[in-house]
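Report on one structure; see the data block that follows.
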Amino acid sequence: MPMTIDEAISEYMLYLRIERGLAKNSLAAYERDMSRYLEHLKGASKSTPADVTDEDVSSFQQLLFKEGAAPSTVRRRMSAVKGFHKFCLSEGYCQLDPTKPVRSPKMPDVLPDVISVEDACKMLDLMDGEEPQEVRDRALMEVLYGCGIRAGEASGLSVQDVFLEEGFLRVFGKGQKERMVPISGTALKMLGKYMGSARASLSMRAKAPRQEDMKAVFLNMRGRRLTRQGIFNIVGAAGRAAGLEDLHPHTLRHSFATHMLNGGADLRVIQEILGHSDISTTQIYTHVDRQHLTEEYMAAHPRARLGE
């Protein structure tokens with residue numbers, strides 16, 4: 001009996017989890033994408049990977065656009081579909097890759113959101129409370145902006161990953177890839193202050209301490225490891241207090257990279273700190289820098305706007 005599409009997708013997910021070692025969030029995204037694709041194929045009466053044609057793949061892409069999906073979403077889902085069919089081909093579930101003739105949608109040149117250095121400093125300086133929760137929030141915000149790490153990476157930080165004397169954090173990024181990130185200045189000072197007293201106060205609130213929570217750096221009000229959603233809430237609240245609406249952890253990460261570049265940091269250094277596997281991902285910040293230069297030029301040069 002030939003492998004059914006349902007069975008092939010199950011094998012593909014197993015491959016992603018065991019052989020590729022994808023993180024839980026990435027696996028969940030793949031599961032959603034493949035579930036949507038499976039629904040489409042069943043609607044087209046396709047039962048095995050060998051039944052799928054390039055027209056089926058193309059029509060799925062067109063359907064996503066008709067449903068109003070953003071180009072980035074379509075690109076991500078099509079990437080999952082292409083990965084699935086390449087897997088099927090390598091495993092002998094089909095003889096041809098139906099995704100080869102289908103071109104992925106072009107991504108528009110969207111520059112990342114950033115806040116100014118002045119707004120970042122104003123926001124952090126407003127966070128001067130001394131309650132355990134307030135000290136935690138300030139330390140978290142300083143680390144996000146001062147080190148450029150993701151919300152999930154901050155959530156996953158454990159005590160053994162913090163090297164205050166050496167000025168480094170051990171961070172586990174996408175696919176559990178490990179990297180060392182420098183920490184200094186107010187980020188180092190506030191993290192040290194938090195771990196010196198406030199963290200212990202929060203830890204004592206746990207009614208039934210779990211091993212996982214006991215080693216977490218950032219804790220919630222119940223003494224449990226702070227989640228990504230909890231971090232999003234803290235960042236949003238800190239932004240609103242400083243007059244910055246819809247502030248997200250990734251905006252702080254983008255701002256870190258942009259301000260580093262504007263300050264003269266080498267692009268390769270920024271790539272290493274951010275944990276980008278490809279320099280092309282980091283190069284978007286050069287576009288932000290160029291945009292900044294253009295804005296400054298247009299605002300300052302006496303003849304820049306003549307002829308508009």
(request) Among the residues of region 258-277, count how many are of a type outside the set (A, V, I, L, M), open to solvent by 40 Å² or more (accessible area, probe 1.4 Å) and over 19 Å from GLU153 (Cα atoms). (result) 5
(message) Being under 26 Å from the mean Cα position of the chain (by Cα), of a type in the set (D, E, K, R), surrounded by fewer than 20 Cβ atoms within 10 Å (Cβ to Cβ) and within 30 Å of SER201 (Cα to Cα): is that true of GLU134 here?
(response) yes
(message) Suppose we filter region 137-172 for residues that are assigned to a helix (DSSP H, G or I), over 23 Å from SER201 (Cα atoms) and open to solvent by less than 10 Å² (accessible area, probe 1.4 Å); how many remain?
(response) 1
(message) For region 49-82, give me each residue that is in a helix (DSSP H, G or I), over 18 Å from GLU31 (Cβ atoms) and touching a Cys at 6+ places or on another chain (Cβ under 8 Å).
(response) ALA50
(request) Working only within region 63-89, note down all residues that are exposed (fewer than 14 other Cβ atoms within 10 Å of the Cβ), more than 21 Å from the chain's Cα centre (by Cα) and not charged (D, E, K, R). (result) PHE65, GLY68
(message) Looking at TYR12, TYR37, can you tell me which residue is farther than 26 Å from GLY156 by Cα, in contact (Cβ under 8 Å) with a residue 60 or more places away in the chain and assigned to a helix (DSSP H, G or I)?
(response) TYR12
(request) Scan region 39-62 for residues that are among the hydrophobic types (A, V, I, L, M, F, W, C) and open to solvent by 30 Å² or more (accessible area, probe 1.4 Å) and report the count. (result) 2
(request) Could you grab the pairs with beta carbons closer than 7 Å, sequence gap of 6+ or different chains, first residue in region 20-33 and in contact (Cβ under 8 Å) with a residue 24 or more places away in the chain and farther than 16 Å from PHE172 by Cβ, second one part of a helix (DSSP H, G or I) and open to solvent by less than 40 Å² (accessible area, probe 1.4 Å)? (result) TYR30/MET13; TYR30/LEU16; TYR30/ALA80; ASP33/ALA80
(request) Report yes if SER26 is over 30 Å from SER197 (Cα atoms), among the hydroxyl-bearing types (Ser, Thr, Tyr), part of a helix (DSSP H, G or I) and open to solvent by 40 Å² or more (accessible area, probe 1.4 Å), otherwise no. (result) yes
(request) Working only within region 116-131, note down all residues that are touching a residue at least 40 places away in the same chain (Cβ under 8 Å) and either under 14 Å from ILE234 (Cα atoms) or among the hydrophobic types (A, V, I, L, M, F, W, C) (or both). (result) VAL117, ALA120, MET123, LEU124, LEU126, MET127
(request) Starting from region 64-91, keep only residues that are on the phi < 0 side of the Ramachandran plot, then list their pairs with residues that are among the β-branched types (Val, Ile, Thr) and at pLDDT 90 or above whose Cβ atoms are within a distance under 6 Å, requiring at least 6 positions of separation or different chains. (result) LYS82/THR99; HIS85/THR99
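The values are calculated or read from the model by the stated rules, or taken from the named source; none is laboratory data. Model, not experiment: these values are computed from the prediction. FYI the Cβ positions are ideal-geometry reconstructions off the backbone, even for glycines, and counts take in every protein chain you see. The accessibility values were calculated without ligands, DNA or RNA, using every heavy atom of the protein model including side chains. Shrake-Rupley method; radii C 1.70, N 1.55, O 1.52, S 1.80 Å.
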